[in-house]
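A.B. asks: Questions regarding the structure given below will be posed in turn.
Each reported figure results from applying straightforward, stated rules to the coordinates on display, with no laboratory input. What you see is a predicted model, and the numbers here were worked out from it, not measured in a lab. Here the Cβ is made from the backbone with ideal geometry for all residues, glycine too, and neighbour counts use every protein chain on show.
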Amino acid sequence: MRRRLLAAGAAAGASTFLPSALWAATTKNDAAKDAPSAATSAMRTRAIPSTGEQLAVMGLGSSGTFSYANGQRAALRQVLEAFVAHGGEMVDTSPTYGNAETVIGELARDTGLRDALFMATKVHIRGQAEGKQQMDTSAERLGKPIDLMQIHNFVDLETQWATLKARKATGQYRYIGITHYLTRAFERLEREMRDKNMDFVQFNYSIMTPEAEERLLPLAADRGIAVIVNRAFNDGQFFRAVKGQTLPGYAKEIGIESWAQFALKYVLAEPAVNVVIPATGDPKHLIDNMGAGTGPLPDKAMRQRMRRTVAELA
């Protein structure tokens, strides 16, 4: 609830730079669960299975985007402010993403938005002592609490998992999980999802790489594990496929206004997906992406049609 109140305050402050039509879509509706409300501009939320806590479906990734390179501080600040103003909560980062943790932490404090964010980061190092030190450094950079700590790409998985469990038990982390970004990791991800009592799992899933629909997404639903989706645009491959193409007319039936929303709404139509985390350092792209978290989602028939459209263009 505190994150929601702070988000509302941020929305008021951000109104000076958001277009009026989009600004009308920023109010977060506490009653908006996993269905469009009467006000379809409200950000959709879904429950984290292990606690029932509602979390906005549109998150923000930071790989390759959140750095101060080339004097982008002002743009990144606008991205973070617009993200919260449009109902976003989860920011996902890692100590392996250059100086992203430092940048996010500084901007969150400078804007007064830190408590409005659901902060997720990762540990990616070998050794128990080294893992603890890396996690502590992340907390110093990002500020506390760390809502979700994840083990990145299975690195020293069992050692770091023991630390994550212990720290969750003492309240240091609210949630714990594991991540990967490659389809070839799915077999091991499935084993770990069956073996470990995790709150979240993060993996790649998109309209161009739907393999997670076969086993991982049904397993997550069965095991009560929240799903974070990365690589929803296939590292730009999706945009290369649709470049110069006109958005199909049927997309407007569910309020899709861009190819980015086309790809993101396909992912969000899978009910086992809790959050999708496209990364961007461009405020305009951020606002466009956030539109995917509002309004109706495609049904099974439309999703099949969307798949055919992209297959014909790719």
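A.B. asks: Counting DSSP beta bridges in the chain, what percent are antiparallel, to the nearest 5?
C.D. replies: About 10 percent, rounded to the nearest 5.
A.B. asks: Sort largest first and round to whole Å: the equivalent ellipsoid semi-axes of the stretch 155-290, each the square root of five times a Cα gyration tensor eigenvalue.
C.D. replies: 31, 16, 14
A.B. asks: Next question. Which of the residue pairs K168/K265; K132/K196; K165/K265; K122/K252 have a Cα-Cα distance greater than 30 Å in the structure shown?
C.D. replies: K168/K265; K165/K265; K122/K252
A.B. asks: Further, regarding this structure: Between the stretch 151-165 and the stretch 218-246, how many Å separate their Cα centres?
C.D. replies: Taking the Cα centre of each part, the stretch 151-165 and the stretch 218-246 sit 25 Å apart.
A.B. asks: Please list, by residue number, everything in the stretch 212-238 whose backbone N is under 17 Å from a paramagnetic label point 7 Å out along Cα→Cβ of E187.
C.D. replies: Counting only backbone N, you get 212, 214-216.
A.B. asks: Here is a further query. Report, in debye and to the nearest 20, how large the dipole of the chain comes out about its Cα centre when Lys and Arg carry +1 and Asp and Glu carry -1 on their Cβ.
C.D. replies: 140
A.B. asks: Then there's this: Once the other residues with Cβ under 12 Å from the Cβ of A100 are scored (Lys, Arg +1; Asp, Glu -1), what is the net sum?
C.D. replies: -1
A.B. asks: A further question follows. Across all directions of projection, what mean area in square nanometres is found for the Cα convex hull of the stretch 54-144?
C.D. replies: 6.1
A.B. asks: Tell me which GluC sites (Glu not before Pro) from the stretch 196-225 have a DSSP coil assignment and no more than 13 other beta carbons within 10 Å of their own.
C.D. replies: Loop-located and lightly packed - E214.
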